[in-house]
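Asker: Quick one: this structure, given as structure tokens, is what I'll be asking you about.
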Amino acid sequence: MYIVECKNITKTYQQGNVAVQAVRGISLLITKGSFVALAGPSGSGKTTILNIIGGLDSPDAGEVILDGNYLSKMNQSELANLRLHKVGFVFQAYNLIPVLSALENVEYVMLLQGVDTIERQDRAKAILDDVGLEGKYSRRPAELSGGQQQRVAVARALVSNPSIVLADEPTANLDSGTGLALLKIMKEMNEKRNVTFLFSTHDHMVMDHARRLIQIRDGQVADDQGEENTDAS
Amino acid sequence: MAWRNVWRNPRRSILTILAIAFATTTLIFMLSWQFGSYETMINSAVKLHTGHLQIEAKEYRDKKNIRLTVNSPKAVGRVLENTPGVAAYTFRANAFSMVSSEKRTYGALVSGIDPLREASVSSLKDLIRKGSYLSADDTNQAMVGRLLAKNLQVDLGDELVLLGQGRDGSIAATVVEVKGIFSSGQDEFDRQTIHIPLLFFQQVYTMAGTVHNVVVFGESLDHVPQIKRSVKTVLKNQSDMNGLSVLDWTELMPGLIEAIKMDLVSGFVFYIILIIVVAFSILNTFLMAIFERTREFGVLMAIGTTPGRLTKCLLLESASITMLGILVGIVAGSLITWYFQVHGIVISGTSELLRQYGLPERIYPQLSCLSVSIGAGIVSIITLLTALYPSFRVKRLRPVEAMLAV
């Protein structure tokens, strides 16, 4: 039932000679198909939590179970494989591959999954159409606006049919109109495909759209209102 | 994706490709030059005196004893005439003697040669600088090395007294007239050698129809091993000739082989230095490309690319650059070498030095599959090895740290 289970995770970074405790014993349960926002000020530990849940970083203590997989028991290749099939990422800075076109960026994940060329192209085009980028398949990232690049990133995150999409401040670099449009697309995908979305954000618009809002302060859960408390859509 | 990444920074990729191409071109040209000059050197040396093969009594090479002879030269000649690959052969007999002019006396190697056969085996006839070459009916005429003639202070028509020991232990003494003065360019040869007709030598030194060497010239260097094997087999099975040994040019001129080896080694030291310089420039390019894209690698890993796949992609990029460089290098190297193979190269001021080694003034590089494949092979291996380090560095990256890279 739970797509993510975090059990008392902690993480400390070394910044020069100073040890910074980014996450201090957080436990979380995220239900499949939910639309959750981790909110909090910069440096509160939101991104670290997302990275740990996505297997990009490992906790110093505690356990993360992602869709039934114990991340602490997996090596780098197994984690990469898990991310490939179960996790979609959307980053604040879009992070598209500059030498690939919009279509190829979306296709890339399916290429890694071993999907054949025709199916790959059909699925990539369909999802680009869904996010409103029909006719822009061959544009390279440099030829797209910030909002369009983030739509490609969302398409890339969703095309592999992941169990969860982890979006780290996805609207931070976008104007409010573009941000809202993108958020609506993600909400629609959540409802249509039952994909779980977990955001880190300090954007009120995202918080307003989340069905569950978890406030993070100083690496701890400050407030968790549970499901369906804050649906303003 | 690897191919597109190659052209992401075209200027840098082109410079790297040119560096690899330069190294390949240089190696192909230099190796062809070395191989070409070795072939010229070997051909000049065998043509000058030793021939491709010599048949002589066992131990003659070490002891140079006048009594260690080939007793049936005509029978050996018949064997050679029936051996495929033999182009020509001649007989020689040698004795160390005192050579005196009116004013001076020197020790020299008196060599009895068959004037007609000798001309088909060695370049002696072409080396005459003064006077003329021996003819078939000459008797007490001699050809003297340029430096020996100078030391003895003799010229054409002057008389020389030869004093040595005959094969039977008697004193061998005669007077010869200087008919020709030769100059090979090899000082040792020109300082120590005097040639007289073989029949006259056999009379003076009581050789009784025997000789010391049967000098063989093959159709080419490649025929030598086969001729050697055939002749050895035949000689072994004939009782009157099984005391003879067959020596090829590598055994006759061990110094030349050593010189070639030395030159190869010094050449390879230069090549290694060249390749190390190129390898560092390539390493720098590959490392720069990786540092610049560390963040991107983090993203690729985040979206599911395994470290192994990323390494493969980078190796593919490096291999593409390397192969392009090698291809350009092979084309450029082959064209340049081919041009000089046709026209030759004269390095001004070195003709005297080259002559010392029996080399002509103009050297022709020898383009071959060997020089191309060695040149291209060395550069490929070194470049790909150089690319391994940055590629495997990527394997150690962690997604979060990589994505934080600026």
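The values are calculated or read from the model by the stated rules, or taken from the named source; none is laboratory data. Keep in mind it's a predicted model, so treat the numbers as computed, not measured. As a convention, Cβ positions derive from the backbone with ideal geometry for all residues, glycine included, and neighbour counts pool all protein chains shown. What goes into the accessible areas is simple: the full protein's heavy atoms, side chains included, and nothing from ligands, DNA or RNA. Shrake-Rupley method; radii C 1.70, N 1.55, O 1.52, S 1.80 Å.
Asker: Out of the residues in segment B:139-179 that are surrounded by 19 or more Cβ atoms within 10 Å (Cβ to Cβ) and among the charged types (D, E, K, R), which is nearest to B:Gln203 (Cα to Cα)?
Answerer: B:Arg167
Asker: Further, regarding this structure: List the residue pairs whose Cβ atoms are under 7 Å apart, where the first residue sits in segment B:270-290 and is closer than 15 Å to B:Leu15 by Cα, the second is surrounded by 13 or more Cβ atoms within 10 Å (Cβ to Cβ) and of a type in the set (Lys, Arg), and the two are 6 or more positions apart or on different chains.
Answerer: Listed pairs, sorted by first residue: B:Thr285/B:Arg12.
Asker: Looking at B:Thr322, B:Thr383, which is the one that is of a type in the set (S, T, N, Q), modelled with pLDDT under 85 and open to solvent by less than 60 Å² (accessible area, probe 1.4 Å)?
Answerer: Values: B:Thr322 fails: modelled with pLDDT under 85.
Just a single option satisfies the conditions, and that option is B:Thr383.
Asker: Moving to a separate point now. For segment B:134-221, which strands (runs of 3 or more DSSP E) that fit wholly inside it have 1 or more residues that are free of Cβ contacts under 8 Å to residues at least 24 places away in the same chain and among the hydrophobic types (A, V, I, L, M, F, W, C)?
Answerer: It comes to B:171-182.
Asker: In this structure, does B:Val79 turn out to be more than 28 Å from the chain's Cα centre (by Cα), over 16 Å from B:Gly209 (Cα atoms) and open to solvent by less than 40 Å² (accessible area, probe 1.4 Å)?
Answerer: yes
Asker: Look through B:Ala119, B:Ala136 and report the one residue that is open to solvent by 30 Å² or more (accessible area, probe 1.4 Å), at pLDDT below 90 and within 17 Å of B:Leu199 (Cβ to Cβ). It would help to see each step written out before you state the result.
Answerer: Details: B:Ala119 fails: at pLDDT below 90.
Within the list B:Ala119, B:Ala136, the selection yields B:Ala136.
Asker: Okay, next question. In segment A:45-65, which residue that is hydrophobic (A, V, I, L, M, F, W, C) and buried (at least 20 other Cβ atoms within 10 Å of the Cβ) is farthest from the other protein chains (Cβ to nearest Cβ)? So that I can check it myself, show each step before the final result.
Answerer: Initially, segment A:45-65 is screened for residues hydrophobic (A, V, I, L, M, F, W, C), giving A:49-50, A:52-53, A:56, A:61, A:64-65.
With buried (at least 20 other Cβ atoms within 10 Å of the Cβ) added as a condition, the list becomes A:49-50, A:52-53, A:56, A:64.
Numbers: A:Ile49: 12, A:Leu50: 10, A:Ile52: 9, A:Ile53: 12, A:Leu56: 4, A:Val64: 14 Å.
Restricting to residues being hydrophobic (A, V, I, L, M, F, W, C) and buried (at least 20 other Cβ atoms within 10 Å of the Cβ), the top hit is A:Val64.
Asker: How many residues are in a loop (DSSP other than H, G, I, E, B), among the polar types (S, T, N, Q) and surrounded by 17 or more Cβ atoms within 10 Å (Cβ to Cβ) if we restrict to segment A:66-105? Talk me through it step by step, then tell me what you get.
Answerer: Here is the first cut: in segment A:66-105, the residues in a loop (DSSP other than H, G, I, E, B) are A:67-68, A:74-75, A:91-101.
Filter once more, so that each one left must be among the polar types (S, T, N, Q): A:75, A:92, A:95, A:101.
If we keep only those that are surrounded by 17 or more Cβ atoms within 10 Å (Cβ to Cβ) as well, we get A:92, A:95, A:101.
Final tally of qualifying residues: 3.
Asker: Is there any pair with a first residue in segment B:306-329 that is touching a residue at least 12 places away in the same chain (Cβ under 8 Å) and not assigned by TED's automatic domain parsing to the domain that holds B:Ala279 and a second that is outside any helix (DSSP H, G or I) and open to solvent by 10 Å² or more (accessible area, probe 1.4 Å) whose Cβ atoms are under 8 Å apart and which are 6 or more apart or on different chains, and what are they?
Answerer: Short answer, once both residue conditions are applied: none.
Asker: Suppose the filter is surrounded by fewer than 19 Cβ atoms within 10 Å (Cβ to Cβ) and within 10 Å of another protein chain (Cβ to nearest Cβ); does A:Gln113 pass it? Break it down into steps so the answer makes sense when it comes.
Answerer: Values: surrounded by fewer than 19 Cβ atoms within 10 Å (Cβ to Cβ): yes; within 10 Å of another protein chain (Cβ to nearest Cβ): yes.
Yes, satisfied.
Asker: Which members of segment A:23-44 meet the condition of being surrounded by 22 or more Cβ atoms within 10 Å (Cβ to Cβ) and more than 15 Å from the chain's Cα centre (by Cα)?
Answerer: A:Val23, A:Ile26, A:Gly40, A:Ser44
Asker: Using the structure shown, decide if A:Leu166 is open to solvent by less than 60 Å² (accessible area, probe 1.4 Å), within 27 Å of A:Thr201 (Cβ to Cβ), within 13 Å of another protein chain (Cβ to nearest Cβ) and within 15 Å of the chain's Cα centre (by Cα). Can you show your working first?
Answerer: Working: open to solvent by less than 60 Å² (accessible area, probe 1.4 Å): yes; within 27 Å of A:Thr201 (Cβ to Cβ): yes; within 13 Å of another protein chain (Cβ to nearest Cβ): yes; within 15 Å of the chain's Cα centre (by Cα): yes.
Spelling it out, A:Leu166 is indeed open to solvent by less than 60 Å² (accessible area, probe 1.4 Å), within 27 Å of A:Thr201 (Cβ to Cβ), within 13 Å of another protein chain (Cβ to nearest Cβ) and within 15 Å of the chain's Cα centre (by Cα).
Asker: I'd like the residue in segment A:83-107 that is closer than 26 Å to A:Gly68 by Cβ and touching a residue at least 40 places away in the same chain (Cβ under 8 Å) and, out of all such residues, is nearest to the other protein chains (Cβ to nearest Cβ). Spell out the reasoning first.
Answerer: Residues of segment A:83-107 closer than 26 Å to A:Gly68 by Cβ: A:83-91.
Filter again for touching a residue at least 40 places away in the same chain (Cβ under 8 Å), leaving A:84-91.
On the way: A:Leu84: 3, A:His85: 7, A:Lys86: 9, A:Val87: 8, A:Gly88: 8, A:Phe89: 5, A:Val90: 10, A:Phe91: 7 Å.
The qualifying residue nearest to the other protein chains (Cβ to nearest Cβ) is A:Leu84.
Asker: Please work out which residue is most open to solvent (accessible area, probe 1.4 Å), limiting yourself to segment B:1-28 and to residues that are of a type in the set (A, V, I, L, M) and within 14 Å of another protein chain (Cβ to nearest Cβ).
Answerer: Residues of segment B:1-28 of a type in the set (A, V, I, L, M): B:1-2, B:6, B:14-15, B:17-21, B:23, B:27-28.
Still in the running and within 14 Å of another protein chain (Cβ to nearest Cβ): B:1-2, B:6.
Numbers: B:Met1: 61, B:Ala2: 9, B:Val6: 3 Å².
This residue is B:Met1.
Asker: Please return the ranges of helices (runs of 4 or more DSSP H) entirely within segment B:258-368 where 2 or more residues are within 14 Å of chain A (Cβ to nearest Cβ) and within 30 Å of A:Glu107 (Cβ to Cβ).
Answerer: Details: elements: B:294-302, B:307-343, B:351-356.
Fully inside segment B:258-368 and qualifying: B:294-302, B:307-343.
Asker: In the list A:Gly146, A:Gly177, which residue meets the criterion of being modelled with pLDDT under 85 and either under 28 Å from A:Ser44 (Cα atoms) or polar (S, T, N, Q) (or both)?
Answerer: Working: A:Gly146 fails: modelled with pLDDT under 85.
Being modelled with pLDDT under 85 and either under 28 Å from A:Ser44 (Cα atoms) or polar (S, T, N, Q) (or both) holds for just one of A:Gly146, A:Gly177, which is A:Gly177.
Asker: Let me ask something else. Looking for whichever is closer than 30 Å to B:Arg8 by Cα and either outside the structural domain of B:Thr16 (by TED's automatic domain parsing) or at pLDDT below 85 (or both) here; the options are B:Phe297, B:Phe291, B:Phe280. Which one fits?
Answerer: B:Phe291
Asker: Do we find a residue being within 14 Å of chain B (Cβ to nearest Cβ) and either open to solvent by 60 Å² or more (accessible area, probe 1.4 Å) or part of a helix (DSSP H, G or I) (or both) anywhere in segment A:128-138? I'd like the intermediate steps shown before the answer.
Answerer: Narrowing segment A:128-138 to residues within 14 Å of chain B (Cβ to nearest Cβ): A:138.
With the extra rule that they be either open to solvent by 60 Å² or more (accessible area, probe 1.4 Å) or part of a helix (DSSP H, G or I) (or both), the set shrinks to A:138.
For segment A:128-138, residues within 14 Å of chain B (Cβ to nearest Cβ) and either open to solvent by 60 Å² or more (accessible area, probe 1.4 Å) or part of a helix (DSSP H, G or I) (or both): present.
Asker: Still on this structure, please answer the following. Can you find, within segment B:225-257, the residue that is farthest from B:Pro73 (Cα to Cα) among those that are among the β-branched types (Val, Ile, Thr) and part of a helix (DSSP H, G or I)?
Answerer: Filtering segment B:225-257 for residues among the β-branched types (Val, Ile, Thr) gives B:227, B:231, B:233-234, B:246, B:250, B:257.
Checking the rest, the ones that are also part of a helix (DSSP H, G or I) come to B:227, B:231, B:233-234, B:250, B:257.
On the way: B:Ile227: 17, B:Val231: 14, B:Thr233: 17, B:Val234: 14, B:Thr250: 23, B:Ile257: 29 Å.
Here the residue is B:Ile257.
Asker: So which residues in segment B:294-305 are crowded, with 19+ Cβ neighbours inside 10 Å and either in contact (Cβ under 8 Å) with a residue 40 or more places away in the chain or small (Gly, Ala, Ser) (or both)?
Answerer: Scanning segment B:294-305 gives B:Phe297, B:Gly298, B:Val299, B:Met301, B:Ala302, B:Gly304.
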